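Worksheet: the structure to be examined is printed underneath.
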Amino acid sequence: MQLNITTDKKYIISGIIVLVFIVIVVKLFYIQVVDSSYKFSANNNVLRYITQYPARGLIYDRHGEMMVANQVVYDVLIIKNQVKPFDTLEFASMLGLTTDQVKDAFLQVKKQKGYSPRKSVVLLKQIADSSYAKLQEVLYKYHGFEVQPRTVRIYPRAVAGHLLGYVGEVDESVIKNRPYYQLGDYIGINGMEKQYEVELRGVKGVSIFMVDVHNRIKGSYEDGRYDSVARTGKALTCTIDLDLQEYGERLMVNKIGSIVAIEPKTGEVLAMVSSPTYDPTLLVGRDRANNFKMLQTDSLKPIFNRSIMALYPPGSTFKVVNALIGLEEGVVTPQTRYACYGGYTVGRGVGCHHHASPLDLSHSIASSCNTYYCHVFRNIVDNKKFGSIEDGFSNWKTQVESFGYGHALGIDLPNERKGIVPSVNFYNRYFRKGGWNSLTIISLSIGQGELAATPLQMANLVSTIANRGYYFTPHVVKSIEGQPAIDPKFTERHPSSVDASWYDYIIEGMDLAVNCAPGGGGTARIAAIPDIRICGKTGTSQNPHGADHSVFFAFAPKDDPKIAIAVYVENAGFGATWAAPIASLMIEKYLRDSITRPDLENYILQANLLNRRAKKK
Amino acid sequence: MQRRSKIVDNLDWTTIFIYILLVLMGWMNIYAAVYSEEHNSILDFSQRYGKQMVWIAFAFAIAITIMLSSSRLYVVFAYFIFGLVLALLLSTLVFGKVVNASKSWIQIGSFGLQPAEFAKFATALALAKLMGPYGFKLNTFTSYVKVGLIIALPAGIILLQNDTGSALVFGSFIFILYREGLPGWILVFLFFLVSLFILTLIFSSISIMVFLYVLTLFVFILQTRKYKDALRFTVALVGIGLLMYLVSELFDISIPRSYFFIFPVAAGVLIAGIYGFVSRFRPAYLWAAFLGVSVMYSLSADYVFQNVLDVHHQKRINDLLGIESDPLGWGYNVNQSKIAIGSGGIVGKGFLGGTQTKYNFVPEQSTDFIFCTVGEEWGFLGSTVVLGLFLYLLLRLIRIAERQREGFARIYGYGVVSILFFHIVVNVGMTVGIFPVIGIPLPFFSYGGSSLWAFTILLFILLKFDSDRFGH
Ligand SMILES: [Zn+2]
């Protein structure tokens, strides 16, 4: 019995030992085979990924002149554990900072996401070249400091800020949704920088090193098998004419509004001015956040790209669309004449200014007769063949949309607005079904009412007229380095619903508006340039919030159009007064590269229309 | 000549082979752990692997010396050796050198010695000497006191040296006591107390009390089958608790919530105890006492943990139990150790291929955390092979101990098993994160002369007894 108990104990002790060993082996199995997170952590420990940041692609204008270039700046990085006490005052003065700023930077660094005292983290961003030169010489004295070159944008001529957009650091949501980006990377935030981000950014390279526990580099990982070389971003050639752009921005100084100029034959945007504009240099470098805040809080909204985001009533310029639809529908002929004695008197009525009467179609455009277009519009929507105002109106809407209205044109820039062409449903909801007719919506005849379009859509319309019936989607990139062609959607013709043959009557009217004899009723004679046949149309777009906007669109030369342009000047009154001379100067600048009318130029340059806005408030 | 060949024939060559294998594997892993491009000659004596070579040579010399000695020597001088080591431990306490916050080194010239390492085999010898004689029975109070003193004396001095890890090793002698007559329930009860201690740290005192009550009730019913009585009793106690709650609500007396549990349990213990005593119903007062003791133990465990244990022990235990996570602070060693081992995968990264090892991410990697190198470079397979060798060694040593005809040799043999088992399990357990970090070496593997020699002496004295077992 005694013997038995002791042998049992031998087995019990052996059993306990075996059991404990099994527990350890199971745990080993778990951490070595089942749970892969330790392998990840091990790589995290030992592998240091050093990103090689590529330079962003350059941007040139259509003539190959530099619009956006790069400048090298330096980020100062630290590894907190390796930093030894240093002369804060010397360090600060080298970088042009105060000691408090340096101390603050050290405090801020710990708040960074993913901060570790054993890894390099950015202490100071984008120090200037001159500071870097000083720092470089004494860097050996500062343990745990390193300097990493980055490139930031510079602008040889501080223009086209809206168009170019800007570059900034990626935020949390970008990092989450787009795996390419990591903390500290730059990304295009607006304009072309955003639209062509993938082309411009290039490809980051990475060098993988192995480091020891003190973060000392021990060698390259697997002999660099997984390293990759950074590839510089592709250069873009922009469709913009830099001189024209700069000139447009100068003309628009102290005015609110927009200029969009397009080459009709290609849809290439030659100039895109939104005023007030801003110096793109403000959104580069360490003060970017502050400057951005300043621009954002400015009441004139300088960051807002009016060219593609502002919605204005098209005003009288829209008469050409109604004229074209009327001709196409056969409800008016070039010879049709309507009398006008101060306005259209049916229904609520629409007033008109003094001009000769009656007028045919071309002259109605030249003189911008409101009455004429009330007739034309009602003929279109009340056409017996449709049977109802709803169907008549729908047909009109479809045709209007074929001119690029009511939908985004698809320009290669972010945030393009689509404008408004009201629908049958809209009026049914607004007035109730059956509660409206052609008289209720008569404002549409002269481009007022529920219509709204961006300056780009206006320029596109005049480009369609210049082409006698079709347009190319406006775009701002002419070519991309290393790519044989741009997106094919930019070389595809978009025909309007109106036959090409009808356009000549319209163009005739636009020609008369600018070039008729004195006293001939032309509304835009101020835009005429000797030896350049400009065809244009004025507009005064009623603005419910203040003084009317001055509108003008035109193309030139008449027989071989090279430029189509739309100009909006907010709260500036008659189109002829401000918008027409600006468009005219732009056309002359583009076609001739010199200005023959210095008085007109001065008149525009010196005009300050900002106070009109203030008065009206 | 006759004598020499008898020694060779009777030696347990399997154990010796495993010993040599482990020592060499250990050396290889130390080489990997401290390897660097600048120092790669294996005979570079400025490096730890070079020094370890010397320690190994000495260890082999020690082993051979022991084999050539007489095993009688150890029986005769057991107490003397024990006394000598105690004196050495005491002098360390006075003259010792402080390393890693513990005063456990004696510096002799450029050579440091850790007496605590040698105290283990000396204590095993003393225990064997005490318990070995045929007449000794582990059933009287004096016998327990004597055994307790032999274990507690060295352990206590080592504790005073602030070397908690080495002191805890002496707890492993419980296996000897168990083998030599200690009732099994004490082992179970000790296991229960340790588990309860851990549970107390993790769960609230209320849930621990409920758990203990249910456990006691369950065991009681299992033993007596009186489930109806137990149920009625429970209902009565719940009733007391509810009554207290109602009264406190009614008269708006604010009482800590735990009192609604403590009071009924205390009342239950009292009632069951008195009832059991009066009616001579043994299970009732036995289990009432058990419940009372464990509740008081669990309530005091928290206090002991917070007030008696050092902060770094608290932190290590909290880290282990997942109560507190601090991978860059207290948990750094274990976290890095798990990363190194875990990254080894199934087959490991190969000799000198361990990045965590090579670039020193795990602290103490050639000493206490040597198993990380095994795990990282040799993977799950290599780790299992090493653990398998250790397990085989332990089971073999149990067999050797059991085949001794003398009580002294058998008891000493179990001492060897206890010490090795504790070291292996606690050391590997800490590197994989199932034991708190206790700085004790992995036998035969870890860098260091003292520990290697002490383990060699420990093992080879047993082998000497084994080879002499037919001789006397
Ligand atoms: Zn009129």
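For the peptides A:342-348, B:212-218, A:193-199, the ranking by packing is A:193-199, B:212-218, A:342-348, with the highest mean count of neighbouring Cβ atoms within 10 Å listed first.
Within the accessible surface of region A:419-507, defined with a 1.4 Å probe on protein heavy atoms only, the carbon and sulfur portion equals 52 percent. Considering helices alone, the calculated mean residue ellipticity of chain B at 222 nm is -24000 deg cm²/dmol, with DSSP H runs of length four and up weighted by -39500 (n - 2.57) and normalised per residue. When a 1.4 Å probe is rolled over the protein heavy atoms, the share of accessible surface on region A:112-257 that falls to carbon and sulfur comes to 50 percent.
Give the calculated FRET efficiency between B:R232 and B:R280 to the nearest 0.05, with a Förster radius of 22 Å applied to their Cβ-Cβ distance. Efficiency, rounded to the nearest 0.05: 0.60. In order along region B:354-367, phi translates into HN-Hα couplings of x, 6, 5, 5, 5, 9, 6, 6, 9, x, 6, 6, 8, 9 Hz, rounded to whole numbers, per the Karplus curve 6.51 cos²θ - 1.76 cosθ + 1.60 with θ = phi - 60° and x for Gly and Pro. Residues of region B:361-383 buried by at least 30 Å² of accessible area upon assembly of all protein chains, compared with the chain on its own (1.4 Å probe): B:F361, B:F380.
Proximity of backbone amide H atoms, modeled 1.01 Å from N, is registered between A:R150 and A:V73, A:Y74, A:D75 at under 5 Å, excluding neighbours fewer than 5 places apart on the same chain.
Note on A:8-20: average number of Cβ atoms from other chains within 10 Å of each residue's Cβ is 5. Taking every C-alpha pair closer than 8 Å and separated by at least 6 residues, the mean separation divided by the residue count of region B:203-309 gives a relative contact order of 32 percent. Backbone geometry of region A:358-372 corresponds, through the Karplus equation with coefficients 6.51, -1.76 and 1.60 at θ = phi - 60°, to 3J(HN,Hα) couplings of x, 10, 8, 4, 4, 6, 5, 6, 4, 8, 6, 7, 5, 4, 3 Hz, x marking Gly and Pro. Note on the protein assembly as shown: Kirkwood radius taken over Cα pairs, Stokes-Einstein applied at 10 °C and 1.306 mPa s, translational D equal to 42 µm² s⁻¹.
Chains A and B together bury roughly 3500 Å² of accessible area, counting both sides, with a 1.4 Å probe on protein heavy atoms only.
Scaling against 2.2 N^0.38 Å puts the C-alpha radius of gyration of chain B at 1.15.
Here region B:175-214 is scanned for amide nitrogen atoms under 15 Å from the site 7 Å beyond the Cα of B:Y245 along Cα-to-Cβ, giving B:206-207, B:210. The modelled label-to-label distance for the pair A:D87/A:D35, using points 7 Å beyond Cα in the direction of Cβ, is 5.0 nm. Burial here means at least 20 square angstrom less accessible surface with every protein chain in place than with the chain by itself, probed at 1.4 Å; in region B:387-423 the buried residues are B:L387, B:L391, B:L395, B:I398, B:E402, B:Y414, B:F421.
With only the Cα atoms considered, region B:203-309 has a convex hull volume of 112 Å³ per residue. Under 5 Å from the amide H of A:I529 lie the amide H atoms of A:I534, each residue being 5 or more positions distant or on a separate chain, with H modelled from the backbone and absent for Pro and chain starts. For region B:242-317, the solvent-accessible area works out to 68 Å² per residue, with a probe of 1.4 Å and every protein chain left in place. Take the Cα of A:R286, step 7 Å toward its Cβ, do the same at A:V174, and the gap between the two points is 2.1 nm. Taking R0 as 51 Å, what's the FRET efficiency between A:T98 and B:S254 from their Cβ-Cβ distance, rounded to 0.05? Calculated value: 0.35.
Between A:A339 and A:E401, take the C-beta separation as r, use R0 = 22 Å, and let me know the FRET efficiency to the nearest 0.05. Intermediate values should be presented prior to the final figure.
Working: r = 32 Å, r/R0 = 1.45.
The computed FRET efficiency comes out at 0.10.
Can you flag which of A:K301/A:K589; A:K265/A:K478; A:K10/B:K129; A:K10/B:K120; A:K418/A:K589; A:K265/A:K562 are past 19 Å Cα-Cα? Checking Cα-Cα distances, A:K301/A:K589; A:K10/B:K129; A:K10/B:K120; A:K418/A:K589 exceed 19 Å. Under 20 Å of direct C-alpha separation, and excluding same-chain neighbours fewer than eight residues apart, A:K384 reaches these aspartates and glutamates: A:E328, A:E329. Share of carbon and sulfur in the accessible area of region B:203-309 stands at 72%, probe radius 1.4 Å. Per-residue extension of 0.36 nm, minus the Cα-Cα distance of B:L84 and B:A267, leaves a gain of 60.5 nm for this segment. Between amide H atoms placed 1.01 Å from N, distances below 5 Å from A:K478 occur with A:T237, A:C238, A:T239, all of them 5 or more places distant or on a separate chain. Placing one equal scatterer on every Cα of chain A and applying the Debye formula, the log10 ratio I(q)/I(0) at q = 0.08 Å⁻¹ is -0.69. With each label modelled as a point 7 angstrom along the Cα→C-beta vector, the A:K218-A:D382 pair spans 9.1 nm. Using DSSP to define loop residues, name the chymotrypsin sites (Phe, Trp or Tyr not before Pro) in region B:372-472 whose beta-carbon has at most 15 other beta-carbon atoms within 10 Å. Passing both the DSSP loop test and the Cβ count: B:F470. For the peptides A:429-437, A:139-147, A:416-424, the ranking by mean Cβ contacts within 10 Å, running from highest to lowest, is A:416-424, A:139-147, A:429-437.
Relative to the compact-globule estimate of 2.2 N^0.38 Å, the Cα radius of gyration of region A:466-617 comes out at 1.18. For region A:92-192, lysine pairs with C-alpha atoms less than 22 angstrom apart, excluding pairs fewer than eight positions apart on the same chain, total 18. Computed from backbone phi, the HN-Hα couplings of region A:557-574 come to x, 4, 8, 9, x, 10, 8, 10, 9, 10, 10, 10, 10, 5, 6, 9, x, 4 Hz, rounded to whole numbers (Karplus: 6.51 cos²θ - 1.76 cosθ + 1.60, θ = phi - 60°; Gly and Pro given as x).
The values are calculated or read from the model by the stated rules, or taken from the named source; none is laboratory data. Everything quoted here is computed from the prediction, not taken from an experiment. Positions of Cβ are backbone-derived with ideal geometry, glycine not excepted, and every protein chain shown enters the neighbour counts. For the accessible areas, the whole protein counts, side chains as well, though only heavy atoms, and no ligand, DNA or RNA atoms are used. Shrake-Rupley method; radii C 1.70, N 1.55, O 1.52, S 1.80 Å.
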